[in-house]
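See below for the structure under consideration.
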Amino acid sequence: GWGLCYCELQSSRAMVFAIEEINNSTELLPGIRLGYQIYDSCASVPVAVHMAFQFLNSFDPVFSMDNNCSHSGMVMAVVGGSGSTTSISLSQVSHFSTCSCLSDKQQYPNFFRTFPSDQFQAEAMAKLVKHFGWTWIGAVRSDSDFGNNGMASFLKAAQKEGICVEYSLSFHRTYPHSRIQRVADVIRRSMVVVALLSLGDMRALLEELSYEPSLSRQWIGSFWVTNPELMRFSFCAGAIGFGIPKSRIPGLRDFLLNLSPSQVASSQILTEFWEDAFNCTLTKKTVTKICDGNEDIQNLQNQYTDTSQLRVTNMAYMAVYAVAHAIHNLESKQVRRNKHVDVSILIELKKVNFSQNGYDVSFDANGDPVAIYELVNWQKSENGVTEIVAVGLYDASWPVPVSVCTDSCPPGTRKVLQKGKPICCYDCTACPEGEINSTDCLPCQKEFWPNKKRDTCIPKPVEYLSFQDLLGIILATFSVIGACLTIVTAAVFFCHRKTPIVRANNSELSFLLLISLTLCFLCSLTFIGAPSEWSCMLRHTAFGITFVLCISCVLGKTIVVLMAFKATIPGSNVMKWFGPPQQRMTVVSFTFIQVLICTVWLVVNPPFPIKNLTTYKEKIILECALGSAAGFWAVLGYLGILAAFCFVLAVLARKLPDNFNEAKLITISMLIFCTVWITFIPAYVSSPGKFTVVVEIFAILASSFGLIMCIFAPKCFIILFKPEKNTKKYLINKNQL
């Protein structure tokens, strides 16, 4: 019946009225005319989708060919969809879709509405029920997106308020009569009922309840409470609920009543309305009363002509103005910049903020307006007529009045009661470090730490020297550079292996020393990265063995210098006792002792990865525990003894005749080596966290660079840039000096 559709017809006509107002305005969209096309969704999702596709696929961009309208246009927005389920299938500015689900911008990024979300209504209804002390209630809802989502929000809000909901029933007016009858039977046994129902569903339920009148009950309603059509059900007197505030649209009533016969005849919707309202026909297809044009719409009394309760109609009116303001802002940007601006109307709709006829319109981040409701009550007048009376106002943007002795304690603090004062008066004391506040200060678990708000524990950040750290990148780069430099040096020595400078400085030990130095540079890379069981064992043992091999080679070269000097004394046969086989055996023996120490260390108590929770309270340091500290210091001590012994021998040999001054070079290199590792010990012990590893890597690189630069750099300089000194003649001449 058309009784259901008069309000929708009024809304659609209000949309047309708004468009005509805008087209006649000199301030809003001057020089631009808006066109429109109206489709009927019949409150059906399939029909709505079908109409949308029909609209998109067959739309003629030419609105009109007269002089008053542009010859071309484009679709800027869709206004409408009074049902939530219908709106879910379309992107639009809706005037009556209330489902809170439509606020989800992930699923519905292009949806806006001038009607508030059910989320606000649900919270308001729960507070209303709580206010009257109704803690045991029943609930009924439409089996639709509007009803199901709205009831879910209400039940959640009711639970917070301590309200018990005995039942929550759902139905739709198209369901079998037996289903609606069962719902009515359950409701008849209740005293307080919350009804989140659409207008059609509520009318179907009330008609069923009217067949068997029972004790009066208290209805708490959604937006159906503002619809005058349902007031004929007198047993609902006393109903209370929330609705959009009444508004006035100047000139709308005259526009609604100004329908000429030609207008009515040219519109199928208006034709059906006219025939239904005056019980006559314009099509002359039946034998019923023929509409003769004398019907007086001025005296017609129905929802279409009633402008005293402009609620939903005003939302449709405001939706048109919201689109117009968005287009106006978009056009202003293009004119101001004198070029096309690639900004969609969607972006401009988000910024809309205007007032029309005293009603403010703006959208939040979810495309929702500020929730303002009028609290209405169905009251019987003295003559027995039920009237809708506004008894209050609910504005979700208003702050709630607060009356407390002490404000709630901020996160990270706890309550300390004040002496001699009520329990609601207290001081807020900061929780100790590492504790959070819930009801009281609670310590976080070992691997957790309070967040900035100090209201929850979060995992501590894990720290170690990684290849992504700037420090790690720098150290790894120097390590690779050192290894490459050593390899290049070895290549230079190999290419000039038959020259006097290479042969005179024990080429075999030199090559072995270069190999060990390469390994020293590369072993520093094992200290970078997250510690693991294997990396912890490898890094210390590899470091200890490679450096002992390196020092053994230097020691061998120093002994060779000393033995060579002794060999120049007449009658001395000392070089027979320290020839190449003995040199190799010396290097192997010294290195084997270090290998033995490392093996015992790894077998008895090897290094292992740990999470250091004590150095820093707020973070975890991943590092390698030494396992046996004695093993680590034995490895380091043995290396130190060899280095000291080598240094002493090099000092003794520094003034001995030596054509290429290797003894002096060894002395300087061992001085650097010993200095680095002596300063390493206090730095290693005192460095916190990952800087312990940094100190160790630095010591390895510094001592390695010291050896290669002092022992091999001068020789490479002579080989490459002073070849005249790399001759036998030069050696002989120097010996004669």
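Confirm whether Cys624 is crowded, with 17+ Cβ neighbours inside 10 Å, in the same structural domain as Ile666 (by TED's automatic domain parsing), out of contact with any Phe, Trp or Tyr (no Cβ under 6 Å at 6 or more places or on another chain) and not in a helix (DSSP H, G or I). Criteria met by Cys624. Of all the listed residues (Lys127, Lys160, Lys105), the sole one being of a type in the set (D, E, K, R) and under 17 Å from Gln218 (Cβ atoms) is Lys127.
Scanning the stretch 590-601 for residues that are among the aliphatic types (A, V, I, L, M) and surrounded by 17 or more Cβ atoms within 10 Å (Cβ to Cβ) yields a single hit, Ile597. From the list Phe478, Phe494, the one residue that fits, being part of a helix (DSSP H, G or I), buried (at least 17 other Cβ atoms within 10 Å of the Cβ) and modelled with pLDDT of 85 or more, is Phe478. You will find that of Ser507, Ser516, Ser479, Ser524, the residue that is out of contact with any Ser or Thr (no Cβ under 9 Å at 6 or more places or on another chain) and of a type outside the set (Phe, Trp, Tyr) is Ser507 and no other. The set of residues in the stretch 596-613 being under 32 Å from the mean Cα position of the chain (by Cα) and either assigned to a loop (DSSP other than H, G, I, E, B) or among the acidic types (Asp, Glu) (or both) consists of Leu613 alone. Report, by residue number, each residue of the stretch 4-28 that is surrounded by fewer than 17 Cβ atoms within 10 Å (Cβ to Cβ) and outside any helix (DSSP H, G or I). Asn24, Ser25, Thr26, Glu27 - these are the residues of the stretch 4-28 that are surrounded by fewer than 17 Cβ atoms within 10 Å (Cβ to Cβ) and outside any helix (DSSP H, G or I). Condition first: modelled with pLDDT under 90, of a type in the set (Lys, Arg), under 34 Å from the mean Cα position of the chain (by Cα) and outside the structural domain of Cys428 (by TED's automatic domain parsing). Can you find one or more residues in the stretch 327-336 that meet it? Within the stretch 327-336, one or more residues are modelled with pLDDT under 90, of a type in the set (Lys, Arg), under 34 Å from the mean Cα position of the chain (by Cα) and outside the structural domain of Cys428 (by TED's automatic domain parsing).
Residue by residue, here is whether (1) surrounded by 15 or more Cβ atoms within 10 Å (Cβ to Cβ); (2) among the hydroxyl-bearing types (Ser, Thr, Tyr); (3) within 25 Å of Asn302 (Cα to Cα) holds:
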| position | (1), (2), (3) |
| --- | --- |
| Val183 | yes, no, no |
| Ile187 | yes, no, no |
| Ser190 | yes, yes, no |
| Ser198 | yes, yes, yes |
| Ser210 | no, yes, yes |
| Pro213 | no, no, no |
| Ile220 | yes, no, no |
| Phe233 | yes, no, yes |
| Cys236 | yes, no, yes |
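Among residues of the stretch 516-558 being closer than 20 Å to Ala629 by Cα and charged (D, E, K, R), the one that is modelled with the lowest pLDDT is Arg539.
Please go through the stretch 421-438 and pick out each residue that is in contact with an Asp or Glu (Cβ under 7 Å, 6 or more places away or on another chain) and at pLDDT 80 or above. Within the stretch 421-438, just Ile436 meets the criteria.
Ser362 meets all of the listed conditions (1) modelled with pLDDT under 85; (2) surrounded by 12 or more Cβ atoms within 10 Å (Cβ to Cβ); (3) among the polar types (S, T, N, Q) but one, namely (1). Condition (residue is in contact with a strand residue (DSSP E or B) (Cβ under 9 Å, 6 or more places away or on another chain) and either more than 28 Å from Val560 (Cα to Cα) or not hydroxyl-bearing (Ser, Thr, Tyr) (or both)) applied to the stretch 627-636: is it met by at least one residue? Among the residues of the stretch 627-636, at least one is in contact with a strand residue (DSSP E or B) (Cβ under 9 Å, 6 or more places away or on another chain) and either more than 28 Å from Val560 (Cα to Cα) or not hydroxyl-bearing (Ser, Thr, Tyr) (or both), which makes the answer yes.
Checking Trp274, Trp219, Trp224 one by one, the residue that is in contact (Cβ under 8 Å) with a residue 12 or more places away in the chain, of a type in the set (Phe, Trp, Tyr) and farther than 22 Å from Arg141 by Cβ is Trp274 and no other.
Got a sec? Which of Phe146, Phe154 is modelled with pLDDT of 90 or more and within 39 Å of the chain's Cα centre (by Cα)?
Matching residue, one of Phe146, Phe154: Phe154.
When we screen Val370, Val376, Val323 for residues that are within 15 Å of Ser94 (Cα to Cα), of a type outside the set (S, T, N, Q) and in contact with a helix residue (DSSP H, G or I) (Cβ under 8 Å, 6 or more places away or on another chain), the only hit is Val323. For beta carbons closer than 7 Å, sequence separation of 6+ or different chains, a first residue in the stretch 20-49 that is free of Cβ contacts under 8 Å to residues at least 12 places away in the same chain and a second that is surrounded by 15 or more Cβ atoms within 10 Å (Cβ to Cβ), the qualifying pairs are Asn23/Arg33; Asn23/Leu34; Val47/Ser41.
So, in the stretch 205-221, of the ones that are farther than 19 Å from His177 by Cα and not small (Gly, Ala, Ser), which residue ends up nearest to the chain's Cα centre (by Cα)? Here the residue is Ile220.
The values are calculated or read from the model by the stated rules, or taken from the named source; none is laboratory data. As the structure is a prediction and not an experimental result, all values here were calculated from the model. As a convention, Cβ positions derive from the backbone with ideal geometry for all residues, glycine included, and neighbour counts pool all protein chains shown.
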